[in-house]
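J.: Sharing a structure below in structure tokens format, with a few things to ask.
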Amino acid sequence: MRILVVGGGYVGMYTALRLQRKLKPELKRGEAEIVVVTPDPYMTYQPFLPEAAAGSISPRHVVVPLRRVLDRCRIVIGEVKTVDHAKRTASFTTLATADEGSGAVDITYDEIVMAPGSISRTLPVPGLAEHGVGFKTVEEAIGLRNHVIEQMDIASSTRDPAIRDAALTFVFVGGGYAGVEALGELEDMARYASRYYHNVKAEDMKWILVEASGRILPEVGEEMGKYTVRELRRRNIDVRLETRLDSCEDRVAVLSDGSRFPTRTVVWTAGVKPHPVLAATDLPLNERGRLDCTAQLRVDGVTHAWGAGDAAAVPDVTADEPGKECAPNAQHAVRQARTLGDNIAASLREQPLKEYTHKYVGSVASLGLHKGVAHVYGRKLKGYPAWFMHRVYHLSRVPTVNRKSRVLSEWVLSGLFKREIVSLGSLEHPRAEFELAAGGRSPKESS
């Protein structure tokens, strides 16, 4: 019996982890096999990406190596391209597919867990594909940190006021968790770094948050959202509500209110959408492209198929109004994965299944070092207490004792010593120097 898990994010990793515990006897006897197909050999704990970008946590400690955690599973680094559930077959490509020239590989399964997660939801904004950057992966977070420090170096060394102004202007689009936390942490880091520049001051930098709706951080409530706007504006961050990014061609951000900002940094965090692989399956989807699931986390209308997390529309049985779905966030994903693993094991043993139930307890958000907002169990916190709660909560949720210990030790050390403000720009182009020495052109020259 083979259980195929598509994706190695929150749901994929935690479901496989639960299954290898629940099915330990079957795995030992060789009666069951768990195969995880994932593009990356690690799970990224995304709530720590802003702190990784700010240098408070090492990038290595934001990710969890799947092969170490899922030691009883078969890990395949690749991408599932299609799923034919009627035939219980999926096709996927691996890192060796191009060299082999053999095309996609087919794999059969008995049970499938669809947990591919989500991708950034973009709009047809002119110039966005050429100049924008997302904030969903650890590579994007570290690249953005290096980029911000590099812009400060450019501003410090140029004699052209137009180049300096564009280098010190940073535009973030999207007022959800990713946008607000990334902006808050990076502005805090850049403000600290500016003390080491003789001709770049914190007030020289322009930080702009663009949000299409009339509020930010809706998860923490209206009152805390308004407080967050006041806190960001107090730090001279330009918060533009009910405003859209119309264009960023030629490195100029044009907003719907008519404002124009020459900038070399546009960070796009305006929501997510289901992974495209869902459209390449014969599984039922809802109108937003997510898997139509039951409260037991089965894909509705079919057998032997399961889903959870960002890719699944799971009914919220604790909600007062009928038809409401669980929010696609980490709080639900981790808990859904546990129920999902239990239900798959119970189904294989012909035992009754459980419904996923979880009352949403609230949200916490960091706005930089010692700054945050929280709305948990009806209590509203701001400033240092909210920031401390943010760290305690996510430290308790990051997987493995190994990662908890490493993150905690880094926090302790960062409290004792000064921040690191080094930009390792060569990480994006590690062969640039050798290519130049060998007679080629550097990536910056060719771009």
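J.: Enter the angle in degrees (range 0 to 90, nearest 10) between the Cα long axis of helix 330-348 and the first principal axis of the Cα atoms of the chain, meaning the one along which they spread out most.
T.: Around 10 degrees separate the two axes.
J.: Continuing with the same structure: Using a 1.4 angstrom probe on the protein heavy atoms only, line up T94, T357 by accessible area, largest first.
T.: Working: T94 45, T357 85 Å².
Of T94, T357, the descending order of accessible area is T357, T94.
J.: Still on this structure, I have one more. In whole percent, and with a 1.4 Å probe on the protein chains, what portion of the accessible area of the chain is carbon and sulfur? All intermediate terms of the calculation are to be shown ahead of the outcome.
T.: Working: 11070 of 21160 Å².
Result for the chain: 52 percent of the exposed heavy-atom area is carbon or sulfur.
J.: I would also like to ask the following. Using only the heavy atoms of the protein chains and a 1.4 Å probe, how would S409, S156 rank by accessible area, largest first? Intermediate results must be reported in sequence, preceding the final value.
T.: On the way: S409 55, S156 30 Å².
From most accessible down to least: S409, S156.
J.: To the nearest 10 Å², what's C293's accessible area with a 1.4 Å probe?
T.: For C293, the solvent-accessible surface is approximately 10 Å².
J.: Here's another thing I want to ask about it. Along the positive direction of the dipole of the stretch 161-212 (beta-carbon charges: Lys, Arg +1; Asp, Glu -1; about the Cα centre), which of A190, G176, P161 reaches farthest?
T.: It is P161.
J.: What does the accessible area per residue of the chain come to in Å², with a 1.4 Å probe and no ligands, DNA or RNA counted?
T.: About 47 Å² of surface per residue is accessible.
J.: How much accessible surface area, in Å² rounded to 10, belongs to the heavy atoms of Y196 with a 1.4 Å probe?
T.: The accessible area of Y196 comes to roughly 110 Å².
J.: Just to confirm a number: summing +1 for Lys and Arg and -1 for Asp and Glu over residues other than I75 whose beta-carbon lies under 11 angstrom from that of I75, what do you get?
T.: Details: positive: R67, R68, R72, R74; negative: D40, D71.
After counting each charged neighbour, the total is +2.
J.: Hey, another quick one. I want the local charge near G184. Using Cβ-Cβ distances under 10 Å, sum +1 for each Lys or Arg and -1 for each Asp or Glu among the other residues. Write out the running numbers ahead of the final one.
T.: Values: positive: R235, K371; negative: E181, E185, E187, D188, E231.
For residues surrounding G184, the net value is -3.
J.: Under a 10 Å cutoff between Cα atoms, tell me which one of L369, L408, L95 has the largest fluctuation in the Gaussian network model of the chain.
T.: Looking only at L369, L408, L95, the biggest GNM fluctuation is shown by L95.
J.: Using Cα centres only, tell me the gap between the stretch 7-44 and the stretch 290-364 in whole Å.
T.: 18 Å
J.: Using the alpha-carbon centroid of each, what span in Å lies between the stretch 227-286 and the stretch 112-187?
T.: 10 Å
J.: Continuing with the same structure: Using only Cα atoms, tell me the angle between helix 10-22 and the longest principal axis of the chain; keep it within 0 to 90° and round to the nearest 10.
T.: 40 degrees
J.: Rolling a 1.4 angstrom probe over the protein chains, ignoring ligands and nucleic acids, what is the accessible area of I119 in square angstrom, nearest 10?
T.: The value for I119 is about 50 Å².
J.: So how long is each side of the stretch 111-181 along the principal axes, counting just the alpha-carbon atoms, biggest first, in Å?
T.: 62, 25, 21
J.: For Y42, Y384, give the ranking by accessible area with the largest first, probe 1.4 Å. Don't jump to the answer; show the numbers that get you there.
T.: Details: Y42 45, Y384 120 Å².
From most exposed to least exposed: Y384, Y42.
J.: Next question. Grab the DSSP H runs of the chain that are 4 residues or longer, score each as -39,500 (n - 2.57), total them, divide by all residues and round the 222 nm result to the nearest 500 deg cm²/dmol.
T.: Numbers: 15 runs with 153 residues, N = 447.
Result for the chain, helices only: -10000 deg cm²/dmol.
The values are calculated or read from the model by the stated rules, or taken from the named source; none is laboratory data. In this text the structure is predicted, and so the values were computed from the model without any measurement. All Cβ positions, glycine included, derive from the backbone under ideal geometry; neighbour counts span all protein chains shown. For accessibility, only protein heavy atoms count, side chains too; no ligands or nucleic acids. Shrake-Rupley method; radii C 1.70, N 1.55, O 1.52, S 1.80 Å.
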